[in-house]
Protein chains: 2
Amino acid sequence: MEWITTEKEKKTWELKEILAEDAPGKRACVCGAVQRIRDMGEITFVILRKRDGILQTVFERGNGPDPSVLSKEACVQISGVIRAETRAPGGRELYADGLRILSRPDEPMPIAVSGKQSGASLETRLDLRPLSLRGLRERARFKIQEGVARAFREYLQAEGFTEIHTPKIGARGAEGGANLFRLEYFHRPAVLAQSPQFYKQMMAAVFERVMEIGPVFRAEKHNTRRHLNEYVSLDLEMAYLTDFTDLMRLETGYLAYLTRLLSAEYAPELALLGVTLPQTDRIPAVRFSEARRLAAEKYGVPIRSPYDLEPDEEQRIGRYFQEECGADFVFVTHYPSRKRPFYTMPSPEDPEVTESFDLLFRGMEVTTGGQRIHDWKMLTERIAARGMDTEGMEAYLSAFRHGMPPHGGLGIGLERMTMQLLGEENVREVSLFPRDQRRLTP
Amino acid sequence: MEWITTEKEKKTWELKEILAEDAPGKRACVCGAVQRIRDMGEITFVILRKRDGILQTVFERGNGPDPSVLSKEACVQISGVIRAETRAPGGRELYADGLRILSRPDEPMPIAVSGKQSGASLETRLDLRPLSLRGLRERARFKIQEGVARAFREYLQAEGFTEIHTPKIGARGAEGGANLFRLEYFHRPAVLAQSPQFYKQMMAAVFERVMEIGPVFRAEKHNTRRHLNEYVSLDLEMAYLTDFTDLMRLETGYLAYLTRLLSAEYAPELALLGVTLPQTDRIPAVRFSEARRLAAEKYGVPIRSPYDLEPDEEQRIGRYFQEECGADFVFVTHYPSRKRPFYTMPSPEDPEVTESFDLLFRGMEVTTGGQRIHDWKMLTERIAARGMDTEGMEAYLSAFRHGMPPHGGLGIGLERMTMQLLGEENVREVSLFPRDQRRLTP
């Protein structure tokens, strides 16, 4: 028997330690993957990939270990002396006098990961995703995506939200039977959750404010640049709101926190990808009917579907508020009732529209939210009016029957939010291992 | 059009504001659910349930609003004056002069949520989970569970880990074909992820250190007090470890951080549930063969299965180290190879055992972890020796073929960890909406 404690012996150096002001002149031992090798004759540069950037190591011929045994993607441990070198990334290099090979690749990489662009198509890069992600730019997108989710959690936690985990296997979906993945669950039919909607609403009567970050599953047969069949949803639900504008203020607060967090802690990744952070100090809110009228008039495109926005209409509305107000975001409010789910609160002054909103970010919907009906009678009347089958909704309805606070919430698609933030053309770029109609691997 | 900013008008008070030292004498307006009503004749106490505790409000007969219109689980907004009152919870009460009913229940609750124990069986409480969770004690378990997950994330983030999201629908499972939930994915067979194992390993070559908190799905036909068919897994994987003891030190660090976080920020819930936090400053580590020998000798129970621990054997090993060292946790190391997955690193000095461990917490396994094989040839030889089918593993294997760092990781069952922390008898107590062979709703 021995005792395990948290005491660690310092064995290897991280990049930020090497970049410290007083590091030059010190001995260090560093682990990393060989990203690139530049043989200059007398000197060979071996560029190591570390989790937070790259490090230049220098091997001098005839003086210390021989780097010619190395190949790209070998994992190594290199020891030597840290030197200041303005031409090196971060202004540091490691002058190597020790080399230990930790693992060797069996084959050269089928895709370039050290240059600025791999040159490969999206399809190829997705087929080779475990390898293509080793590229610094591809990797950086997911570091920023971490920040998008982290900001959501940190901001809401400070606002008194409790993080919950609701089941992904269930007996029925929140929005009815369409677009559900079906499975057999111990000889019973079951479905994958297309949203934590019912659960988060029920939990608003327990914790008042809840959030969840988790996967949702939609068997939609869309094959577009903005749809995934499995994605990560940032969900929140809050009780005792005054009206649905509370939710828009909360989301604005989150977005402001997000941009602060990214500036503070994700600056290298933002710089690498050349990202310009959006304006988040104030966001225009405009009614659905007005937004489409303004965009239709300005751009001369007639309104087609009367009850919902088409993707190109979202783009024009985004463009309108970008041009007219310099706004990256716009809340579109008061969507028509008939295109919103049964639980959406109708507007008191006009029951044909709802106390709901979408948030468009640079012309694409990234959030749907709104106030929910909390009165049991009103809810059951709505369900009856729509001719819905309530089988499997017993627990949900019983929560309302036994008293629910006024509440509302929203859901943000993590990948879409990241896509718009980074200016990517395809949402698959910002899903580590995307799932679409054709893609089930890797 | 209007502008949405983050500015909020202060409308209602939260409990912590009412508990502030300078609060007595101030006017406040409070929202909450009616937890209990005590009619004393001249005076009626209405106990409000808030997200962070309860608040006593006082209605005086003939002076202000009439509380007789209220019933349990009504949601209300009460205004009045804050008074210091040592007999009230938290030493404060609200002397009411205004009452607004926000919603009324249609029916009395079928289960008591205001007393210390509801008296109802686990099955009944799970059937009525959206309602039973309104009880303060049931709710408190999930607040503490939030802390368990939050500590994992915060601790690892400070250690340089990146949080990732890997797909839950895939073409095959990490541990082979057993215990998988199967579904149809656009006319193709697919499975639900029983672990993010392959993905987190592949990502160790990208981010070096990754973590994921997400659902995992196991179609095991166990029906025990410690199994769920869907649970939340806290996963991590790290590159460039020296050996697998690095992982045990990291987990010990997490547990120490967890107990500090719970003490600091979850004290009311710990007190409500009477939880004694475990010792986490040092944890004994003992080899599998030695642990079972010590427990078998001390308690006179012969060893049955030679390659794995039975639940009652885990209990005896936990008891042994509790009695002999006062330890709540024990790492059991060097499990036999034949009971560990193919990717587990064999021990250099004895290939019949592995560089792996389980963590037992008060006699129950809450973590499995270990170093993985990183060498492509060694991995493929292992796969061949086990006669495994590699179909669907192409991407995983290609990551090794193209160079993997030495790495290892672990997975913690969130519900089991919470169960042992709280001393619950059944893991279903600490799953918001548990999924087992019989239970697919609510």
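The values are calculated or read from the model by the stated rules, or taken from the named source; none is laboratory data. Just so it is clear, the structure is predicted and the values come from calculations on it, not from any experiment. Note that each Cβ is placed from the backbone with ideal geometry, even for glycine, and that neighbours are counted across all protein chains shown.
The listed residues are A:Ala174, A:Ala178, and the only one of them that is at pLDDT below 95 and either assigned to a helix (DSSP H, G or I) or touching a Ser or Thr at 6+ places or on another chain (Cβ under 8 Å) (or both) turns out to be A:Ala174. Does segment A:366-389 include one or more residues that are crowded, with 19+ Cβ neighbours inside 10 Å, farther than 18 Å from A:Phe198 by Cα and in the same structural domain as A:Glu212 (by TED's automatic domain parsing)? Yes, there is a match, as at least one residue in segment A:366-389 is crowded, with 19+ Cβ neighbours inside 10 Å, farther than 18 Å from A:Phe198 by Cα and in the same structural domain as A:Glu212 (by TED's automatic domain parsing). Residue pairs whose Cβ atoms lie under 6 Å apart, separated by 6 or more positions or on different chains, with the first residue in segment B:312-332 and crowded, with 21+ Cβ neighbours inside 10 Å and the second modelled with pLDDT under 95 and of a type in the set (D, E, K, R), do not occur.
Would you confirm whether or not segment A:169-184 contains a residue that is assigned by TED's automatic domain parsing to the domain that holds A:Ala271 and in contact with a helix residue (DSSP H, G or I) (Cβ under 8 Å, 6 or more places away or on another chain)? Before the answer, list the steps.
Within segment A:169-184, the first condition is being assigned by TED's automatic domain parsing to the domain that holds A:Ala271, and the residues that meet it are A:169-184.
Restricting the remaining residues to those that are in contact with a helix residue (DSSP H, G or I) (Cβ under 8 Å, 6 or more places away or on another chain) gives A:174-175.
There is at least one residue in segment A:169-184 that is assigned by TED's automatic domain parsing to the domain that holds A:Ala271 and in contact with a helix residue (DSSP H, G or I) (Cβ under 8 Å, 6 or more places away or on another chain).
Flag: B:Val46 does not match the condition of being modelled with pLDDT under 95 and closer than 29 Å to B:Leu131 by Cβ. The listed residues are A:Glu391, A:Glu424, A:Glu429, and the only one of them that is part of a loop (DSSP other than H, G, I, E, B), under 30 Å from A:Val275 (Cα atoms), in contact (Cβ under 8 Å) with a residue 40 or more places away in the chain and of a type in the set (D, E, K, R) turns out to be A:Glu424.
Is there a residue being buried (at least 21 other Cβ atoms within 10 Å of the Cβ) and either more than 10 Å from chain A (Cβ to nearest Cβ) or not in a loop (DSSP other than H, G, I, E, B) (or both) anywhere in segment B:222-230? Within segment B:222-230 (the criterion being buried (at least 21 other Cβ atoms within 10 Å of the Cβ) and either more than 10 Å from chain A (Cβ to nearest Cβ) or not in a loop (DSSP other than H, G, I, E, B) (or both)), the answer is yes, since at least one residue qualifies.
Just to verify a result, which residue in segment A:185-216, among those that are more than 7 Å from chain B (Cβ to nearest Cβ) and assigned to a strand (DSSP E or B), is surrounded by the most Cβ atoms within 10 Å (Cβ to Cβ)? Steps first, please.
Of the residues in segment A:185-216, the ones more than 7 Å from chain B (Cβ to nearest Cβ) are A:187, A:189, A:191-198, A:200-201, A:203-204, A:210-213, A:216.
Those still in the list that are assigned to a strand (DSSP E or B) too: A:189, A:191-192, A:210-213, A:216.
Numbers: A:Pro189: 11, A:Val191: 23, A:Leu192: 25, A:Val210: 29, A:Met211: 25, A:Glu212: 22, A:Ile213: 24, A:Val216: 23.
Result: A:Val210.
A single entry from A:Phe331, A:Phe342 fulfils the requirement of being away from chain B (no Cβ under 14 Å) and aromatic (Phe, Trp, Tyr): A:Phe342.
Every residue, every condition in (1) without any contact (Cβ under 8 Å) to a residue 40 or more places away in the chain; (2) at the interface with chain B (Cβ under 9 Å from one of its Cβ atoms), yes or no:
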| position | (1), (2) |
| --- | --- |
| A:Met1 | yes, yes |
| A:Thr5 | yes, yes |
| A:Lys8 | yes, yes |
| A:Ala23 | no, no |
| A:Val30 | no, no |
| A:Ile37 | yes, no |
| A:Gly41 | yes, no |
| A:Leu55 | no, no |
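Total residues in segment B:156-165 satisfying the condition of being surrounded by fewer than 22 Cβ atoms within 10 Å (Cβ to Cβ) and either more than 7 Å from every other protein chain (Cβ to nearest Cβ) or among the polar types (S, T, N, Q) (or both): the figure is 4.
Which of the residues belonging to segment B:342-371 are acidic (Asp, Glu) and assigned to a loop (DSSP other than H, G, I, E, B)? Steps first, please.
Restricting attention to segment B:342-371, the residues satisfying the condition of being acidic (Asp, Glu) are B:349-350, B:352, B:355, B:358, B:365.
Across segment B:342-371, the qualifying residues are B:Glu349, B:Glu355.
Taken over segment A:172-182, the criterion of being facing another protein chain (nearest Cβ under 7 Å) and either within 28 Å of B:Ala140 (Cβ to Cβ) or crowded, with 22+ Cβ neighbours inside 10 Å (or both) is satisfied by A:Phe181 alone.
For the structure I just gave you, tell me whether A:Val332 is over 25 Å from A:Arg226 (Cα atoms), part of a strand (DSSP E or B) and at pLDDT 95 or above.
no
Would a scan of segment B:399-414 turn up a residue that is within 14 Å of chain A (Cβ to nearest Cβ), closer than 24 Å to B:Gly170 by Cα, surrounded by 20 or more Cβ atoms within 10 Å (Cβ to Cβ) and among the aromatic types (Phe, Trp, Tyr)? The answer is yes, given that some residue of segment B:399-414 is within 14 Å of chain A (Cβ to nearest Cβ), closer than 24 Å to B:Gly170 by Cα, surrounded by 20 or more Cβ atoms within 10 Å (Cβ to Cβ) and among the aromatic types (Phe, Trp, Tyr).
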